[in-house]
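The values are calculated or read from the model by the stated rules, or taken from the named source; none is laboratory data. Since the model is a prediction, treat every value here as computed from it, not as a measurement. Heads up, the Cβs are rebuilt from the backbone with ideal geometry, glycines too, and the neighbour counts pull from every protein chain shown. Side chains included, ligands, DNA and RNA excluded: accessible areas come from the protein's heavy atoms. Shrake-Rupley method; radii C 1.70, N 1.55, O 1.52, S 1.80 Å.
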Amino acid sequence: MTLSPDSPLSALAGVGPRRAQELKQRGIESVEDLLYTLPFRYEDRIHFTPIGELRPGRVACVEAEVLTAGPVRLRRQQSFHLAAADPSGILYAKWFYGYGKKYYGDYLARTFRPGQRVVLYGKVEEDPYRPGQLQILQPQHEILSSGREPADSTESGRIVPIYEAAGPITSRLFRRLIYDALGRLGPTLPDPLPPGLLPRYGFPDRRTALAQAHFPEKDTDLGQLEAFRTPAQQRLIYEEFFFLQLGLALRRQRARQAPGISFTLSDSIREAIKNILPFHPTAAQKRVLKEIADDMQKPTPMNRLLQGDVGSGKTIVAFEAAIIAMENGTQVALLAPTEILAVQHYLYACQRFARTRYRLGLLVSAMPEKEKKQTREELAAGDLDLVVGTHALLEKQILFHHLGLAIVDEQHRFGVMQRLELIRKGRTAAAHPHVLVMTATPIPRTLALTLYSDLEMSGLDELPPGRSPIETRWVKEEAAAGVWDFICKQVAAGRQAYIVYPVIEESKQELKAATKEYERLSREVFHGLRVGLLHGRLSGEEKEAVMRAFNRSEIQVLVSTSVVEVGVDVPNATVMVIEHAERFGLAQLHQLRGRIGRGRHASTCILMTPAEVGEVARERLETLTQTQDGFKIAELDLKLRGPGEFLGTRQHGFLNFRIANLLRDHELLVRAKEDAFNYVAQQPGDFAATVEYVRQLWQRRYRLAQVA
Ligand code: ADP
Ligand code: MG
């Protein structure tokens, strides 16, 4: 029976309900899914080395005949020894396994028989007890003449693909299934890539690309294969990028065609904006505000990403944009990633808008139900002009009277889905709200290209004037007394300090440690100083009270968990001590450090660690002491942690590439993006069919119905 990519896995030989279930757990549900599971490396099993030419220390592939095979009992462990020969010599293969793993020995005993022809692959070494005798430990092996293998072996005599095993699904089984599937596909496959693109890059068609990426032709360069640089592999990577970008391009196109609200920007509105500014905006802030204001005057909705390193002054720009929307008679929603940040934005808004007639509201989960209800009702009735909130703003019951602008702060904490949800809420038959997304952790270009292709970009590339640089020091715990001394001196000079304790999960256990540290410090070290404690398990009101007190300098030393990480803004705070800094990620440390250096006083960030830290942690800490450049830090962080971790799990679906790798394949990503956006602009003859393909692919891959 001929297979198609949509065929279920059960159409393959050897896949019953149980196998199908196991594969499904790895996200493989159809023949297509299987074919897009590429090997992560390849082995040359074409060129067999005669045993006489083997050298210790080299990896080799040997074809030989089994002389003897059987278990050998040693003192502490079981082992299985095999001797095999070709005309040039004898090679031994040995497997070791604990007594508990007798089944493994049984398996080997069932596998090997004298007289069989076998292929052994692995690193050759000299037997330490018998000089001159060569052996391979735990070799990969292949029986050539047992009669169980098909004549055209998937295991030897070719470049053999190695797949990442998935539980019970071994690399070997992947090979067999994929080989079977490839053999039973028709001679041609429908190719979803627009045909014009293939010759441009010299890419093979889809059928050929799949065949060659799994079972490369014999003369394929192994180095190229391992670097994923063969035309077949490149085509498949490109294909994946292209359809992601095409979906994003379509989304942007649709957003641009959607009806928006064309705001006016009169002189009186300009005046209103000026009136809330406590300082002269930087040139960058002016430029960015103009980009935003231009967008908001257009009849199509704004979709803009505002990037700016910590402390570059995004908040005030957001407030300026908010004024434009409110003066035009619409509502504004400001979505923050944490309650603390929401509360702080709210407080700052109250302060900045104190002499205006705008009605402001706060909505966070921790608020009493009664208050939440009231805020909801006021929002729906149009009695609030600006609401600041957390995820609570995304709840079902929230309805806006007339949302004109949605601002999402620290976007990368939220997923693309949340952004869409907020747009959906504000959507009326007549218009979509404008959307401004702000992110503090600079997003390396590679990721920005993936996640924000559908957004216009603005950048604040200048820090407000009068900032003194932050000195960053890495200090071992044994020197803590000196650090506490330093804090006392700073406080005596009128400054404030943060001490951050590593509580990542905010679990009870972890909090106990932070609370203990707080008690110890306030009792033994900072007696006489006003010390406060802030963590994620406090109620909303408690958090608000602590933040207020710190804002007003009533608290001088704030012991906190990493909840202060994003956005918190107290310019008088000049010391940031991070205990167990080795436990934090790079981006997180950069964010924490961004809490200081915000005023005119010199600031100091102290990274405290035990005497010994691991290699990766050392690299992070050293980077931090050397640079304050958020982009540099972000790039390194991406390298150290990979894209999924870098952004947190929320974005995962979007970065879960089957084949592509953002870091390795950056160039292809750039090309695919350009091609996809041009394709949408030009809409050639095959456009409709391609759009239909993307629509279905996105539904399957990202569970997003709305592409186009
Ligand atoms: P972020 O971009 O990290 O959100 P904020 O908006 O919190 O930065 O601004 C950081 C600090 O800089 C705040 O104290 C803010 O009042 C101050 N600030 C912002 N813009 C200016 C400016 N143009 N001149 C002086 N201070 C500014
Ligand atoms: Mg901010």
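Within region 571-590, which residues are surrounded by fewer than 23 Cβ atoms within 10 Å (Cβ to Cβ), over 18 Å from Tyr348 (Cβ atoms) and within 16 Å of ligand 2 (Cβ to nearest atom)?
Gln588
Just to be sure before I move on: is Gly329 farther than 26 Å from Gly630 by Cβ and either within 16 Å of ligand 2 (Cβ to nearest atom) or open to solvent by less than 50 Å² (accessible area, probe 1.4 Å) (or both) in the structure I sent? Lay out the reasoning, then the answer.
Numbers: farther than 26 Å from Gly630 by Cβ: yes; either within 16 Å of ligand 2 (Cβ to nearest atom) or open to solvent by less than 50 Å² (accessible area, probe 1.4 Å) (or both): no.
No, not satisfied.
Go through region 92-125 residue by residue and tally those that are under 46 Å from the mean Cα position of the chain (by Cα), farther than 21 Å from Thr154 by Cα and open to solvent by less than 80 Å² (accessible area, probe 1.4 Å).
Summing the residues that are under 46 Å from the mean Cα position of the chain (by Cα), farther than 21 Å from Thr154 by Cα and open to solvent by less than 80 Å² (accessible area, probe 1.4 Å) in region 92-125 gives 14.
Considering region 267-295 alone, what residues qualify as being away from ligand 1 (no atom under 16 Å from the Cβ) and free of Cβ contacts under 8 Å to residues at least 60 places away in the same chain?
Listed by number, the residues that qualify are Asp267, Ser268, Ile269, Arg270, Glu271, Ala293, Asp294.
Quickly run through region 429-450 and pick out the residues that are modelled with pLDDT under 80 and more than 16 Å from ligand 1 (Cβ to nearest atom). Outline the logic, then answer.
Within region 429-450, the subset modelled with pLDDT under 80 is 429-430, 440-450.
The answer is Ala429, Ala430, Pro444, Arg445, Thr446, Leu447, Ala448, Leu449, Thr450.
For region 437-455, check the following and say yes or no: at least one residue is part of a strand (DSSP E or B) and out of contact with any His (no Cβ under 7 Å at 6 or more places or on another chain).
Start the filter on region 437-455 by keeping residues that are part of a strand (DSSP E or B), which leaves 437-439.
Those still in the list that are out of contact with any His (no Cβ under 7 Å at 6 or more places or on another chain) too: 437-438.
Checked against the condition, which is being part of a strand (DSSP E or B) and out of contact with any His (no Cβ under 7 Å at 6 or more places or on another chain), region 437-455 yields at least one hit.
When only residues in region 539-565 that are farther than 30 Å from Leu640 by Cα and within 16 Å of ligand 2 (Cβ to nearest atom) count, which is surrounded by the most Cβ atoms within 10 Å (Cβ to Cβ)? Before the answer, list the steps.
In the first step, residues of region 539-565 are kept if they are farther than 30 Å from Leu640 by Cα; the result is 539-558.
Next, from what is left, pick out any that are within 16 Å of ligand 2 (Cβ to nearest atom): 547, 551.
Numbers: Met547: 23, Asn551: 20.
The extreme case among them is Met547.
Can you tell which of Leu362, Leu341 is in contact (Cβ under 8 Å) with a residue 40 or more places away in the chain and either open to solvent by 40 Å² or more (accessible area, probe 1.4 Å) or in the same structural domain as Ile323 (by TED's automatic domain parsing) (or both)?
Details: Leu362 fails: in contact (Cβ under 8 Å) with a residue 40 or more places away in the chain.
One residue alone meets the criteria, Leu341.
Residue by residue, here is whether (1) in contact (Cβ under 8 Å) with a residue 60 or more places away in the chain; (2) open to solvent by less than 50 Å² (accessible area, probe 1.4 Å); (3) closer than 30 Å to Tyr92 by Cα holds:
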{"position": "Asp127", "(1), (2), (3)": "no, yes, yes"}
{"position": "Gln135", "(1), (2), (3)": "no, yes, yes"}
{"position": "Arg158", "(1), (2), (3)": "yes, yes, yes"}
{"position": "Phe174", "(1), (2), (3)": "yes, yes, yes"}
{"position": "Gly186", "(1), (2), (3)": "yes, yes, no"}
{"position": "Leu198", "(1), (2), (3)": "no, yes, no"}
{"position": "Arg206", "(1), (2), (3)": "no, yes, no"}
{"position": "Arg235", "(1), (2), (3)": "no, yes, no"}
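Per-residue answers, yes or no, for (1) crowded, with 18+ Cβ neighbours inside 10 Å; (2) under 16 Å from Gly122 (Cα atoms); (3) at pLDDT 90 or above:
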| residue | (1), (2), (3) |
| --- | --- |
| Ser10 | no, no, no |
| Gly14 | no, no, no |
| Pro17 | no, no, yes |
| Gln25 | no, no, no |
| Tyr42 | yes, yes, yes |
| Pro50 | no, yes, yes |
| Glu53 | no, yes, yes |
| Ala64 | yes, yes, yes |
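Can you confirm whether region 339-356 contains a residue that is closer than 23 Å to Leu455 by Cβ and either within 11 Å of ligand 1 (Cβ to nearest atom) or at pLDDT 95 or above (or both)? Explain how you work it out, then say what you get.
First, the residues of region 339-356 that are closer than 23 Å to Leu455 by Cβ: 341-342, 345.
With either within 11 Å of ligand 1 (Cβ to nearest atom) or at pLDDT 95 or above (or both) added as a condition, the list becomes 341, 345.
Yes, that holds for at least one residue.
For every residue, the table says whether it meets (1) more than 31 Å from the chain's Cα centre (by Cα); (2) modelled with pLDDT under 90; (3) not in a helix (DSSP H, G or I).
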| residue | (1), (2), (3) |
| --- | --- |
| Glu164 | no, yes, yes |
| Thr188 | yes, yes, yes |
| Pro195 | yes, yes, yes |
| Leu198 | no, yes, no |
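Does Lys290 meet the test of being of a type in the set (Lys, Arg) and under 33 Å from the mean Cα position of the chain (by Cα)? So that I can check it myself, show each step before the final result.
Numbers: of a type in the set (Lys, Arg): yes; under 33 Å from the mean Cα position of the chain (by Cα): yes.
So Lys290 passes the test.
Go through (1) among the polar types (S, T, N, Q); (2) part of a helix (DSSP H, G or I); (3) within 22 Å of Thr390 (Cα to Cα); (4) in contact with a helix residue (DSSP H, G or I) (Cβ under 8 Å, 6 or more places away or on another chain) and name the single condition Gln351 misses.
Going through the list (1) among the polar types (S, T, N, Q); (2) part of a helix (DSSP H, G or I); (3) within 22 Å of Thr390 (Cα to Cα); (4) in contact with a helix residue (DSSP H, G or I) (Cβ under 8 Å, 6 or more places away or on another chain), Gln351 breaks only (4).
Tell me which of these Val568 doesn't satisfy, since it passes every other one: (1) within 16 Å of ligand 2 (Cβ to nearest atom); (2) touching a Ser or Thr at 6+ places or on another chain (Cβ under 8 Å).
(2)
Suppose the filter is of a type outside the set (Lys, Arg) and either modelled with pLDDT of 95 or more or out of contact with any Ser or Thr (no Cβ under 7 Å at 6 or more places or on another chain) (or both); does Val500 pass it?
Working: of a type outside the set (Lys, Arg): yes; either modelled with pLDDT of 95 or more or out of contact with any Ser or Thr (no Cβ under 7 Å at 6 or more places or on another chain) (or both): no.
Taking the combined requirement at face value, the residue does not satisfy it.
For region 613-627, indicate whether the set of residues that are at pLDDT 85 or above, touching a Cys at 6+ places or on another chain (Cβ under 9 Å) and aliphatic (A, V, I, L, M) is non-empty.
Yes, region 613-627 contains at least one residue that is at pLDDT 85 or above, touching a Cys at 6+ places or on another chain (Cβ under 9 Å) and aliphatic (A, V, I, L, M).
Let me confirm something: among Glu271, Glu291, which residue is in contact with a strand residue (DSSP E or B) (Cβ under 6 Å, 6 or more places away or on another chain), assigned to a helix (DSSP H, G or I) and open to solvent by 50 Å² or more (accessible area, probe 1.4 Å)? Reasoning before the result, please.
On the way: Glu271 fails: in contact with a strand residue (DSSP E or B) (Cβ under 6 Å, 6 or more places away or on another chain).
Sole residue among the options that is in contact with a strand residue (DSSP E or B) (Cβ under 6 Å, 6 or more places away or on another chain), assigned to a helix (DSSP H, G or I) and open to solvent by 50 Å² or more (accessible area, probe 1.4 Å): Glu291.
Condition check ((1) modelled with pLDDT under 90; (2) within 16 Å of ligand 1 (Cβ to nearest atom); (3) not assigned by TED's automatic domain parsing to the domain that holds Val483) across all residues:
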{"site": "Leu521", "(1), (2), (3)": "no, no, no"}
{"site": "Gly528", "(1), (2), (3)": "yes, no, no"}
{"site": "His535", "(1), (2), (3)": "yes, no, no"}
{"site": "Ser539", "(1), (2), (3)": "yes, no, no"}
{"site": "Ala549", "(1), (2), (3)": "no, no, no"}
{"site": "Gln556", "(1), (2), (3)": "no, no, no"}
{"site": "Glu565", "(1), (2), (3)": "yes, yes, no"}
{"site": "Gly585", "(1), (2), (3)": "yes, no, no"}
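Test Asp221 against the criterion of being in contact with a Ser or Thr (Cβ under 8 Å, 6 or more places away or on another chain), loosely packed, with under 14 Cβ neighbours inside 10 Å and either over 30 Å from Thr2 (Cβ atoms) or without any contact (Cβ under 8 Å) to a residue 40 or more places away in the chain (or both), and give yes or no.
yes
Any idea which of Leu379, Leu399, Leu403 is closer than 23 Å to Ser458 by Cβ and away from ligand 2 (no atom under 16 Å from the Cβ)?
On the way: Leu379 fails: closer than 23 Å to Ser458 by Cβ; Leu399 fails: closer than 23 Å to Ser458 by Cβ.
When all the criteria are applied, what remains is Leu403.
Condition test on Leu393, is it open to solvent by less than 30 Å² (accessible area, probe 1.4 Å), in a strand (DSSP E or B) and out of contact with any Ser or Thr (no Cβ under 9 Å at 6 or more places or on another chain)?
Numbers: open to solvent by less than 30 Å² (accessible area, probe 1.4 Å): yes; in a strand (DSSP E or B): no; out of contact with any Ser or Thr (no Cβ under 9 Å at 6 or more places or on another chain): yes.
When the stated conditions are applied, Leu393 does not pass them.
Which of (1) touching a strand residue (DSSP E or B) at 6+ places or on another chain (Cβ under 6 Å); (2) modelled with pLDDT of 95 or more; (3) farther than 30 Å from Thr446 by Cα does His214 not meet, given it meets every other one?
Going through the list (1) touching a strand residue (DSSP E or B) at 6+ places or on another chain (Cβ under 6 Å); (2) modelled with pLDDT of 95 or more; (3) farther than 30 Å from Thr446 by Cα, His214 breaks only (3).
Checking Glu612 against (1) without any contact (Cβ under 8 Å) to a residue 40 or more places away in the chain; (2) surrounded by fewer than 18 Cβ atoms within 10 Å (Cβ to Cβ); (3) in contact with a strand residue (DSSP E or B) (Cβ under 8 Å, 6 or more places away or on another chain), which single condition isn't satisfied?
Failing condition for Glu612: (3).
Scan region 593-623 residue by residue and report those that are of a type in the set (Gly, Ala, Ser) and assigned to a helix (DSSP H, G or I).
Of everything in region 593-623, just one residue is of a type in the set (Gly, Ala, Ser) and assigned to a helix (DSSP H, G or I), namely Ala617.
Can you tell me which residue within region 294-315, out of those that are open to solvent by 10 Å² or more (accessible area, probe 1.4 Å) and not in a loop (DSSP other than H, G, I, E, B), is farthest from ligand 2 (Cβ to nearest atom)?
Here the answer is Gln297.
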